[in-house]
There are 4 protein chains.
Amino acid sequence: MSAQPYDSHRLCELAGELIVNVRELAARGWTPATSSNFSQRIDERHAAITVSGRDKGRLREADIMVVDLDGAAVGSDHRPSAETLLHTQLYRRSADIGCILHTHSQHQTVASRLFAGAGHVRLEGYELLKAFAGNTTHEAAVNVPVLPNSQHMPTLAAQVDALLDRGPLWGYLIDGHGLYAWGRDMAEARRHLEAFDFLLGCELELARLTGSR
Amino acid sequence: MSAQPYDSHRLCELAGELIVNVRELAARGWTPATSSNFSQRIDERHAAITVSGRDKGRLREADIMVVDLDGAAVGSDHRPSAETLLHTQLYRRSADIGCILHTHSQHQTVASRLFAGAGHVRLEGYELLKAFAGNTTHEAAVNVPVLPNSQHMPTLAAQVDALLDRGPLWGYLIDGHGLYAWGRDMAEARRHLEAFDFLLGCELELARLTGSR
Amino acid sequence: MSAQPYDSHRLCELAGELIVNVRELAARGWTPATSSNFSQRIDERHAAITVSGRDKGRLREADIMVVDLDGAAVGSDHRPSAETLLHTQLYRRSADIGCILHTHSQHQTVASRLFAGAGHVRLEGYELLKAFAGNTTHEAAVNVPVLPNSQHMPTLAAQVDALLDRGPLWGYLIDGHGLYAWGRDMAEARRHLEAFDFLLGCELELARLTGSR
Amino acid sequence: MSAQPYDSHRLCELAGELIVNVRELAARGWTPATSSNFSQRIDERHAAITVSGRDKGRLREADIMVVDLDGAAVGSDHRPSAETLLHTQLYRRSADIGCILHTHSQHQTVASRLFAGAGHVRLEGYELLKAFAGNTTHEAAVNVPVLPNSQHMPTLAAQVDALLDRGPLWGYLIDGHGLYAWGRDMAEARRHLEAFDFLLGCELELARLTGSR
C-alpha cells in the first residue's frame, strides 16, 4: 500500500517531536512573522522539514513535509523553501547530524548585525559552554561564525562547508537573519540552540554595560 | 428575520478570528491599559471592530461591533472609537485591505518617540523584510513613516492618504502612540505586525549598542 | 448567624476578582519574592486586603483578610501588614477609591531609584496618558511622585495626604520599592497600574537610548 | 520491604514540590540548555537532587535522585553531578538549610561577569532586601559574593565555607555561571532566589542607565 520510500512510523514520531518543540520556540518569540524552519533526519536519504510560511505557533502535521537530501519534495505538492538546501547539506555531510533548528530571535538577529564585520562572535568564560557536545570545561572558547546574508543558497552552503572543514561546529549566524543550530537529535540540537541564544544574549548585555564589543 | 445588512455568518467567523488573535497579542503586552483596536472587513461596506476601552486580554464577542465604512455603528448602541476613522479610510481606499491591527507595544511606542524627528524609521539589511507582501529579498529597504500624534482624526487620515499615494505601505507609527499594520487578511496583517515589531525592536537594540541612530 | 459587620457575599465577589487579577500580575513578575499587596473596598468601613508574605502567583481565598479603615483586622487572627495603612488612608480619604494595587515590577523599582532625586517622573507626549481617568488628550502631562522610602508608615501616609491635597492623583512611587496605583474599581485601578508601568518602561528605555533623563 | 535508609513518603512530597517549582523557574528561562540543579533535604543524612542534564521544563520524578551528604548516590545508578558537592556542603554545614536552588538566568550570569573583578555585588536601598530572612528594614545592605569559576568543586566549596564563617549568607554567584540560593524550605529558598534575581536585574538596569557600576 504505502509507496513511501521512508518509514512512515518514524516520520510520525519525528513530526510529533517537531510540533511540540517548534511551538515552544514560537512561544518565546523566536519565529516572528512565520519565519524560521526546522527539520529532523528520517534516514540516510530523507528528512522531515517544516513547510515555508506556516505559523510556527500553531504548527501541525500538515505543516511538515518530506524532502530527499538534494532538497526535492517527496510525496508532497509543497514546494520546499529555498533554505532547505542549508538543512540537507548538513544531513549529507555528517551522519551524526539528526536535527537542525533555524530560528530568528532578537538576540540572534541583533548579534548577527553587530558582529557581521568581525565575522564571528567569540563566546568565552561561560559555564554554559559545557552545553556544547564535546566541551567539558568552561575554559573552552567557541567562535560562532557570522556569514554574510545571501538569497543564493549555494553561496551560503559553500561557506558553511568551508567552516565544517575546519573542525567541529554546532551552529552559525547569518547577518541580519538568524541562527542555524544542530545536533545528533532534537534534545541535543535544542540544547545547542538554547545555549547559543542565551550566550549571545549575555554578550549583547555585556556590550551594552561595558560599551565595548 | 435578519435585518442586518451584512452576512452574520461571516461576522461570526471574523469575530472568532479576532478574539483568538487579539488575546494572543494582549498576552505579549501589546495592548496595555485597554488600549489598541482591531478590525476585519466584512464586505465592501462593513467592517467588524473592537469596542473601545475593553480589556483585550479577555476579548469576547460582545466586545466587537459592526461599523460602515464611514465609521458609523451598524445595529449597535456602542459609540465607535474616534480612531475608527483610521480603519475605515483604509478599507475604503483599497479592496485588498481586509484586516487592520493597531497595537501599543513598548518597542512601537519608544521607536515612535525616538524617530519622530526623522519622520520615519528605516529598516534595512534584515532577512525579515521578506515578510512584507511583495518583498522577495532582504536587499529591499522599508521606511516606516512616523506621523505626529493628533486627537483630530481627519488630520491623521489625510496624512495617511498622502503616504498611500506614494506607493505600497503596510503600516505606520504615530508619535508617542503605537503602530497601525494591515494586510489582505488576518494572517497577512499579523505577519506584517510581527515583522514591524520585531524589526523596530532590533533597531532600538542596535541603537543602544552602537550609540547611534 | 453571621456576626460579620460587612456583606460576606460582596467580600466573596471582591476576593474572586482579587485572585484572578493578582495572579495575572504575579505571572508578569510584578510581585517578586512574595512582595506587593492588593485591596478592594467592601463598604464605607471595611476593605479586603491580601495577607502579607503570601505567594501572589498562587493567591487563594485564605490569603485575603478584612480590615477596618484604621487598618485593624476584622474577624481574623492574621496581623495586617504594616503597609495596610497606605491602603486605608486612601479609602478614608475618598469614597471614589474602590481598589488599590501595590506592585514591585522592575520598571517601577528602577524608575523610583533613578528619579528619586528629582522627586517625580514626568510623563508627557504619550497617547496612553488618556488611560488615566479624567485625561482626554495625549497633550496632558502627568507627574508621578517619588516618595523617599521609610519603614514608618505614618510618615509616608502624611506625604501622600499632602500630595492628594494638591489635586487628582492616580498613583505614586516609593524610592527603591514600587508603585501604588488605584481607581474606582478593579478595572480602573488595573488600567492605571498598567498605564503607569508601561509609561515608566518607555521613559527608562528612552533614557537609555538618549543618554539623558 | 523498603530497604531505603530514608522516609520515602517524605521524598515523594519533596519531589513533588521540586517538580512544580523547577518547572516554573524553567518557564522563566532560568535553566537554559538543561543547566541548573535543585535539591531539598530529606533528613540529617540525605537530600533529593535533580539528575544532571535533564530538561528542567519537563522535570518528572525519574529526574530526581537521592544522595547522602557526602554526595554519593543512594539507591540509584545515576551518577550525581559534580556540583552536588556544593549542595551537600551546605546541608552538612547547617541544619537550618532545607532547600538549595541553583539557576542560570541571564541577570545572574551577566552580573557575575560584570562584578567578578569586585568580588561581590552590593545590594542597597531596596525594599526587597526585607525578603532575606533576618532583614527587617530596607536600610540593610547585602553583599552577594562572586566566586571565580572552577571545575574543581572542592576549591569552590572551600571558598563558600570561608564565606559562611563570616556571617549569615543566603546565596552567592559564580563568575560566568549562575547563582546558588538557599533557605529553610522551598518557600524561603525561592523567596531568596527571586529577591536576588530581581535585585541583580535592577542593578544591571541602573548600571546601564547611569553608565556606572
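The values are calculated or read from the model by the stated rules, or taken from the named source; none is laboratory data. Source: prediction; values computed, not measured. Note: ideal-geometry Cβ built from the backbone for every residue, glycine included; neighbour counts use all protein chains shown. Only protein heavy atoms, including side chains, enter the accessible area calculation; ligands, DNA and RNA are left aside. Shrake-Rupley method; radii C 1.70, N 1.55, O 1.52, S 1.80 Å.
As a calculated quantity, the FRET efficiency between C:Ser94 and B:Cys12 at R0 = 60 Å, using C-beta atoms, amounts to about 0.85. Of all DSSP bridge pairs formed entirely within the protein assembly as shown, close to 95 percent run antiparallel. Each copy carries a label point for D:Ala73 at 7 Å from Cα toward Cβ; from one copy, the others' points are 4.9, 4.9, 6.9 nm away, ordered from shortest. Close amide-amide hydrogen proximity is noted between C:Val121 and C:Val144, C:Val146, each under 5 Å apart and 5 or more residues distant or on a separate chain (H modeled in the peptide plane; Pro and chain starts excluded).
Around the Cα centre of chain D, unit charges on the Cβ atoms of Lys, Arg, Asp and Glu (plus for the first two, minus for the last two) sum to a dipole of about 400 debye. Only helices at least 30 Å long along their own axis, judged from Cα atoms, and with Kyte-Doolittle mean hydropathy of -0.5 or greater: name those in chain C from DSSP H. Flagged H segments are C:186-210. Distance cut-off 26 Å, Cα to Cα: go down the list A:Lys130/D:Lys56; B:Lys56/C:Lys56; A:Lys130/D:Lys130; C:Lys56/C:Lys130; A:Lys130/B:Lys130 and report the pairs above it. Distance filter (> 26 Å) returns A:Lys130/D:Lys130; C:Lys56/C:Lys130; A:Lys130/B:Lys130. Of all residues in chain A, the one whose Cβ lies closest to the rotation axis carrying A onto D, together with that distance in whole Å, is A:Arg208, 4. Accessible area buried by the pairing of B and C, both sides summed with a 1.4 Å probe, works out to roughly 1900 Å². Per residue, how much accessible area does the protein assembly as shown have with a 1.4 Å probe, in Å²? Accessible area per residue: 40 Å².
Mean partner shielding of peptide D:200-206, defined as the number of other chain Cβ atoms within 10 Å of each residue Cβ, is 5.
Mean-square fluctuations from a GNM of chain B, with a 10 angstrom spring cutoff on Cα atoms, peak among B:Ala116, B:Ala181, B:Ala95 at B:Ala95.
A Gaussian network model of chain A, with springs between Cα atoms under 10 Å, assigns the largest mean-square fluctuation among A:Ala26, A:Ala162, A:Ala82 to A:Ala162.
Per residue of peptide B:171-178, the mean number of Cβ atoms on other chains within 10 Å of the residue Cβ is 3. Which positions within the range A:75-116 get 10 Å² or more of their accessible surface covered by the other protein chains, compared to the chain by itself, with a 1.4 angstrom probe? Residues of the range A:75-116 that lose at least 10 Å² of accessible area once the other chains are added: A:Glu83, A:His104, A:Gln106, A:His107, A:Thr109, A:Val110, A:Arg113, A:Leu114. When a/c is below 1.5 the answer is rounded, else prolate if a/b is larger than b/c, else oblate, so apply that to the range C:80-152 with a ≥ b ≥ c taken from the square roots of the Cα gyration tensor eigenvalues. Note, shape of the range C:80-152 comes out oblate.
Look at where the Cα atoms of the range A:54-122 and of the range C:27-60 average out, and the two centres are 47 Å apart. Between B:Ser76 and D:Arg166, take the C-beta separation as r, use R0 = 56 Å, and let me know the FRET efficiency to the nearest 0.05. Plugging the Cβ-Cβ distance into 1/(1 + (r/R0)^6) gives 0.20. Shown is the FRET efficiency for A:Glu24 and C:Asp185, computed with R0 = 41 Å from the Cβ-Cβ distance and rounded to the nearest 0.05: 0.65. Our helix-only sum for the protein assembly as shown, with -39,500 (n - 2.57) per DSSP H run of n ≥ 4 divided by its residues, gives a mean residue ellipticity at 222 nm of -12000 deg cm²/dmol. Of the listed residues B:Glu13, A:Glu17, the order by accessible area with a 1.4 Å probe, largest first, is B:Glu13, A:Glu17. With all protein chains in place and ligands, DNA and RNA left out, the 1.4 Å accessible area ranks A:His102, D:His9 as D:His9, A:His102, largest first. In the full protein assembly as shown, how much of D:Phe132 is accessible to a 1.4 Å probe, in Å² to the nearest 10? For D:Phe132, the solvent-accessible surface is approximately 10 Å². Normalised by the number of residues in chain D, the average gap of Cα pairs under 8 Å and 6 or more apart makes the relative contact order 18 percent.
Taking the convex hull of the alpha carbon positions in the protein assembly as shown and averaging its projected area over all directions gives 41.0 nm². Per atom type, chain D shows carbon and sulfur on 48% of its accessible surface, probed at 1.4 Å.
Label-point distances for C:Cys12 to the equivalent site in the other copies, using a point 7 angstrom along Cα→C-beta, read 3.5, 3.5, 5.0 nm when ranked shortest first. In angstrom, the C-alpha Rg and Dmax of chain A are 16.9, 64. With the label put 7 angstrom out from Cα along the Cα-to-Cβ vector, B:Arg166 ends up 4.3, 4.3, 6.0 nm from the copy partners, going from closest to farthest. Specify the residue with the greatest mean-square fluctuation among C:Val74, C:Val22, C:Val146, computed from a Gaussian network of chain C linking alpha-carbon atoms under 10 Å apart. Highest fluctuation of the listed residues: C:Val74. Per residue of peptide C:126-139, the mean number of Cβ atoms on other chains within 10 Å of the residue Cβ is 4.
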